[in-house]
Amino acid sequence: MKVEEFRGVRGAVIAEVTKDTAEEITFGEVMSLAGVSEISKSTESSNEPHYYDNQPMVTVSSTGNDEIGVNTSALPLDVYAKITGQNYNEEKGVLIEGERKQKYFAFGYITKLTDGTEMFVWRLKGTFNIPDDTHTTEDDGTEANGQEVTFTGINTTHRFAKLLDKNSNPKSARAVTVDTSANKSITESDFFAKVQTPDTIFTE
């Protein structure tokens, strides 16, 4: 058994989900999010036994949304406005915070194992919360602060032709991850040139 740990994360990017219907899913241009120092994931899930004849006979499982915690460098104001659905005036360099327009994004990044193997990731649909930030006075030390943002990931509405259930029906998806030690044909530039889905990853 090979034992590895995660050590390294980089290349955080986003692309707006411009359409997600039963017939089609489309995305906007891929753009950089910010520098990233940590990404953590937790998924809501539960398993509940159902009892018959005085004993547990069936277990019913459910899976909720993903909560992706992202520690970043200070977000540029235009990126901040984009992911939070608020207003930014590029000419004046002004962010106006107020009512939000609901927007969905795909979120991509690269993680690495201790043996150097990189994992390319696209999370296909989710929303970003209002980032947390902390501002402190300058002193004679080196302390500085980035920001913390949460990406709430959900399944796509679209069901993919190359992702089938046991009855050969298309299924929706939440994320695509490629192990580059197993798939040496795909490059970083190709993988992140656009959002990869089960349909594109098994075609290219």
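Tally time: how many residues in region 1-40 are assigned to a strand (DSSP E or B), in contact (Cβ under 8 Å) with a residue 12 or more places away in the chain and either within 23 Å of Lys162 (Cα to Cα) or touching a helix residue (DSSP H, G or I) at 6+ places or on another chain (Cβ under 7 Å) (or both)?
Here the count works out to 7.
In region 47-56, what residues are surrounded by 10 or more Cβ atoms within 10 Å (Cβ to Cβ) and closer than 30 Å to Ile154 by Cα?
Within region 47-56, Glu48, Pro49 meet the criteria.
Criterion first (charged (D, E, K, R), more than 24 Å from Glu24 (Cβ to Cβ), in a loop (DSSP other than H, G, I, E, B) and open to solvent by less than 70 Å² (accessible area, probe 1.4 Å)) does Asp115 satisfy it?
It is true that Asp115 is charged (D, E, K, R), more than 24 Å from Glu24 (Cβ to Cβ), in a loop (DSSP other than H, G, I, E, B) and open to solvent by less than 70 Å² (accessible area, probe 1.4 Å).
Search region 118-162 for residues being among the small types (Gly, Ala, Ser) and free of Cβ contacts under 8 Å to residues at least 60 places away in the same chain, and hand back the single one that is least open to solvent (accessible area, probe 1.4 Å).
In this case the residue turns out to be Gly141.
Being more than 24 Å from Ala193 (Cα to Cα), touching an Asp or Glu at 6+ places or on another chain (Cβ under 9 Å) and surrounded by 11 or more Cβ atoms within 10 Å (Cβ to Cβ), is that true of even one residue in region 3-25?
So far as region 3-25 goes, yes, one or more of its residues are more than 24 Å from Ala193 (Cα to Cα), touching an Asp or Glu at 6+ places or on another chain (Cβ under 9 Å) and surrounded by 11 or more Cβ atoms within 10 Å (Cβ to Cβ).
Which of the residues spanning region 131-158 are of a type in the set (A, V, I, L, M, F, W, C) and in contact with a strand residue (DSSP E or B) (Cβ under 8 Å, 6 or more places away or on another chain)?
Val149, Phe151, Ile154
Under the condition of being among the hydroxyl-bearing types (Ser, Thr, Tyr) and over 22 Å from the mean Cα position of the chain (by Cα), which residue from region 126-165 is farthest from Gly85 (Cα to Cα)?
The selected residue is Thr142.
The values are calculated or read from the model by the stated rules, or taken from the named source; none is laboratory data. Source: prediction; values computed, not measured. Don't worry about glycine lacking a Cβ; one is built from the backbone with ideal geometry, like all the others, and counts go over all protein chains shown. Areas reflect the complete protein model, heavy atoms only, side chains present, ligands, DNA and RNA absent. Shrake-Rupley method; radii C 1.70, N 1.55, O 1.52, S 1.80 Å.
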